[in-house]
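Novice: Dropping a structure here in structure tokens format, bear with me for questions.
The values are calculated or read from the model by the stated rules, or taken from the named source; none is laboratory data. Treat the numbers as computed from the prediction; the structure is a model and nothing was measured. Every residue, glycine as well, gets a Cβ built from its backbone with ideal geometry; the counts of neighbours run over all protein chains shown. Only protein heavy atoms, including side chains, enter the accessible area calculation; ligands, DNA and RNA are left aside. Shrake-Rupley method; radii C 1.70, N 1.55, O 1.52, S 1.80 Å.
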Amino acid sequence: MSIDYAAVFQALPGAVALLTPDLVFADANVAWLRQAGRSRDQVVGRYLFDAFPGSPYDPAASGVRHLEASLRAVLANREIDMDLQRYDVESAQRPGHWEERYWSSVNAPLFAPDGHIALVIHRVEEVTELLRAASRPDGSRQLEAELFSRMRQLHEVNERLRRAHAREREVALALQRAMLPVPPPIGPHRFAVRYRPAVGSLNVCGDWYDLVQLQDGHKIAVAVGDVVGHGLEAAGIMGQLRSALSATSLVATGPGQALEVLGRYAHCVTGAESTTAVTAFIDFSRHLITYSSAGHPPPVLLRGDGTVELLDRATDPPLDAVVESSPRPEAHTAFTDGDTLLLYTDGLIERRHQDIDTGLSQLTDALIRHRELTTPEALADAVMHDLIPAEGVTDDTALVVVSL
């Protein structure tokens, strides 16, 4: 049986509109248009608050502010948000006349196959009559009045939760900056780092980056890693592993040994199972990169002539994936002045319903397309812009770009 979902949408008894992430009407069903007193041509393609501006005669009106806050919360948190508010509407029959109206709304994200928010479902129910019933002296509408009172309480709880979430995000941002600071300058070497948390997270996740100057002075170690999960627990594990790898790199004979020791340490850290990491030792005096990967996507070397090389010849299982520790493999590749090395986490290239090879191809294409950019900062911005959609992705992303 074939279902005409467009017809189903129009026949829904509830009033439902579809908004783009820019809050422009994409569509509205018959019930929504009837309730709003508008035709489809009057709303579709228009910005929500142009089609329904707040009353200019009531400076204290909060309807626009509350509704926009609810819709923005859906886009930021990727979760359903509810609201109850007064939102006066200009009469379609009497332009310039504003009617006092009260609405209960439920706003929900509609996800595309790759995980980004394609539309916001905006379902509304007018409750103006319920409010008026609450003020009537007779008890015939007591049930409706009680219902409205409960809905108002729900709205107040929702507002408190929204404020608490905003404070929580501020704390999380401060924690993220403390745990993943921008590395200090390392001699004459130029590099850039980027970090993008998963959408809906608290801005603290399990991905990390690091750059360390090694003791012989002409080498640096560059690393990225990815702890499974999100939130404060993953961030705590990330901080332990990042610090351990930095310390180990200073005394290890190479990146393979550094990851071998880190794997032993991860075995003692609850929650570190299946963590992936890759580290590269860059010897500027010999123009040589030595690298090793523990189950991580391969670094990419963008050469000055525009060709791209995936550094995938030294890959081993993730940290703590095997009971018996053993030496980790290493591989070497030469570079010339003007080459660029990129290390990243899988949030940059992996998408739901997309093969990882497709993501790697998109990354290499972006590097070739932007090969004329002369600074790591510019290249990092270009890569993030090309591969990370504006609305974000469901996994966090770390990126390091080193000019060789």
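Novice: Scan 358, 374, 315, 397 and give me the residue that is within 23 Å of residue 241 (Cβ to Cβ), open to solvent by 50 Å² or more (accessible area, probe 1.4 Å) and at pLDDT below 95.
Specialist: Criteria check complete, one pass: 315.
Novice: Given the conditions (1) at pLDDT 95 or above; (2) within 19 Å of residue 227 (Cα to Cα); (3) open to solvent by 40 Å² or more (accessible area, probe 1.4 Å); (4) among the aliphatic types (A, V, I, L, M), report the number of the one that residue 343 does not fulfil.
Specialist: So residue 343 meets the others, but not (3).
Novice: Let me confirm something: among 100, 79, 90, which residue is modelled with pLDDT under 85, in contact with a Gly (Cβ under 9 Å, 6 or more places away or on another chain) and surrounded by fewer than 14 Cβ atoms within 10 Å (Cβ to Cβ)?
Specialist: When all the criteria are applied, what remains is 79.
Novice: To continue, here is another question. Give the number of residues within the stretch 205-228 that are farther than 16 Å from residue 342 by Cα and either at pLDDT 95 or above or of a type outside the set (S, T, N, Q) (or both).
Specialist: 9
Novice: Report, ordered by the first and then the second residue, all pairs with beta carbons closer than 9 Å, sequence separation of six or more or different chains, a first member in the stretch 14-43 that is under 18 Å from residue 110 (Cβ atoms), and a second member that is aromatic (Phe, Trp, Tyr) and open to solvent by 40 Å² or more (accessible area, probe 1.4 Å).
Specialist: Within 9 Å, the pairs are 22/47; 23/47; 24/47; 25/47.
Novice: I need the full set of residues from the stretch 286-311 which are acidic (Asp, Glu) and at pLDDT 95 or above, in order please.
Specialist: Passing the criteria: only 309.
Novice: Moving on to the next point. Check 59, 13 and return the single one that is modelled with pLDDT under 70, open to solvent by 50 Å² or more (accessible area, probe 1.4 Å) and not in a strand (DSSP E or B).
Specialist: 59
Novice: Can I ask one more? Filter the stretch 189-204 down to residues that are touching a helix residue (DSSP H, G or I) at 6+ places or on another chain (Cβ under 6 Å) and modelled with pLDDT under 90 and give me whichever is surrounded by the most Cβ atoms within 10 Å (Cβ to Cβ).
Specialist: Taking the candidates together, the pick is 204.
Novice: Given the residues 274, 292, which is the only one that is without any contact (Cβ under 8 Å) to a residue 60 or more places away in the chain, in contact with a helix residue (DSSP H, G or I) (Cβ under 6 Å, 6 or more places away or on another chain) and farther than 24 Å from residue 371 by Cβ?
Specialist: Of the residues listed, the single one that is without any contact (Cβ under 8 Å) to a residue 60 or more places away in the chain, in contact with a helix residue (DSSP H, G or I) (Cβ under 6 Å, 6 or more places away or on another chain) and farther than 24 Å from residue 371 by Cβ is 292.
Novice: Same structure again: Looking at the stretch 290-303, can you tell me whether even one residue there is surrounded by fewer than 15 Cβ atoms within 10 Å (Cβ to Cβ) and within 22 Å of residue 186 (Cα to Cα)?
Specialist: Taking every residue of the stretch 290-303 in turn, none turns out to be surrounded by fewer than 15 Cβ atoms within 10 Å (Cβ to Cβ) and within 22 Å of residue 186 (Cα to Cα).
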